[in-house]
Amino acid sequence: MHQVAADEDAQFLMGDVITVSGVFEGSEDIALARDLARSFLTDVQTVHGLPVSRDAMSTVQLVVSELVTNARKHAPGPCLLTLEVTGVVVQVTVWDSNPTPPTILPPDPSRIGRHGLEIVMALGQSFAIHREPVGKRITTTILLADDLA
């Protein structure tokens with residue numbers, strides 16, 4: 001994993017953005033992506049003073065794991081994870097080099113596997129797939145704390 005950028009301003013205003021990005025190249029990097037998410041949200045709470053619930057911490061790590069896993073599995077080359085806190089939400093974005101949008105399957109409790117995007121869509125406040133000049137990016141938004149809606 002290569003960390004690209006992190007905004008470390010100790011004084012946070014509600015209109016400000018706190019962000020971190022990392023590039024992940026191998027399947028072993030999925031754990032590093034989760035670690036980056038956990039570390040980033042810990043800093044959001046301790047350095048910037050924003051509330052981050054245990055549920056938000058777990059949810060973001062799960063979403064990061066699912067999206068980075070899909071990118072590593074279905075696209076050649078590295079993927080880019082960006083976490084961005086604005087106001088009371090964290091936006092999770094994963095870019096990969098494959099321009100083909102993922103197939104979003106309907107819920108099926110009898111299906112074994114292939115539930116990652118279903119999980120991401122259920123946990124996030126929003127979900128979007130954007131085609132890029134090279135590849136695509138998938139974005140979801142998660143509340144930092146349950147009582148901030």
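The values are calculated or read from the model by the stated rules, or taken from the named source; none is laboratory data. All values reported here derive from a predicted model rather than from experimental measurement. Here Cβ is always computed from backbone atoms with ideal geometry, including for glycine, and neighbour counts include all displayed protein chains. For the accessible areas, the whole protein counts, side chains as well, though only heavy atoms, and no ligand, DNA or RNA atoms are used. Shrake-Rupley method; radii C 1.70, N 1.55, O 1.52, S 1.80 Å.
Pull out all pairs, ordered by first then second residue, where Cβ-Cβ is under 9 Å, the residues are six or more apart or on different chains, the first lies in region 82-107 and is open to solvent by 30 Å² or more (accessible area, probe 1.4 Å), and the second is polar (S, T, N, Q) and part of a loop (DSSP other than H, G, I, E, B).
V89/Q125
What number goes with the only condition from (1) part of a helix (DSSP H, G or I); (2) at positive phi that R114 does not pass?
Unmet for R114, out of (1) part of a helix (DSSP H, G or I); (2) at positive phi: (1).
What residue, among those in region 30-67 that are of a type in the set (D, E) and more than 19 Å from I18 (Cα to Cα), is nearest to the chain's Cα centre (by Cα)? Let's see the steps before the verdict.
Just the residues of region 30-67 that are of a type in the set (D, E), to begin with: 35, 43, 55, 66.
Filter once more, so that each one left must be more than 19 Å from I18 (Cα to Cα): 55, 66.
Numbers: D55: 14, E66: 9 Å.
Restricting to residues being of a type in the set (D, E) and more than 19 Å from I18 (Cα to Cα), the top hit is E66.
Looking at region 35-56 only, could you name the residues that are assigned to a helix (DSSP H, G or I) and either crowded, with 18+ Cβ neighbours inside 10 Å or of a type in the set (D, E) (or both)? Outline the logic, then answer.
Here is the first cut: in region 35-56, the residues assigned to a helix (DSSP H, G or I) are 35-46, 54-56.
Selection gives D35, L36, A37, F40, L41, D43, V44, D55, A56.
A122: under 15 Å from I142 (Cβ atoms) and open to solvent by 50 Å² or more (accessible area, probe 1.4 Å), yes or no?
Values: under 15 Å from I142 (Cβ atoms): yes; open to solvent by 50 Å² or more (accessible area, probe 1.4 Å): yes.
When the stated conditions are applied, A122 passes them.
I'm trying to understand the selection: among the residues of region 133-149, which are modelled with pLDDT of 95 or more and open to solvent by less than 60 Å² (accessible area, probe 1.4 Å)?
Hits for region 133-149 are G135, K136, I138, T139, T140, T141, I142, L143, L144.
Check whether at least one residue in region 15-34 is open to solvent by 60 Å² or more (accessible area, probe 1.4 Å), modelled with pLDDT under 95, at negative phi and in a helix (DSSP H, G or I), and report yes or no.
So far as region 15-34 goes, no, none of its residues is open to solvent by 60 Å² or more (accessible area, probe 1.4 Å), modelled with pLDDT under 95, at negative phi and in a helix (DSSP H, G or I).
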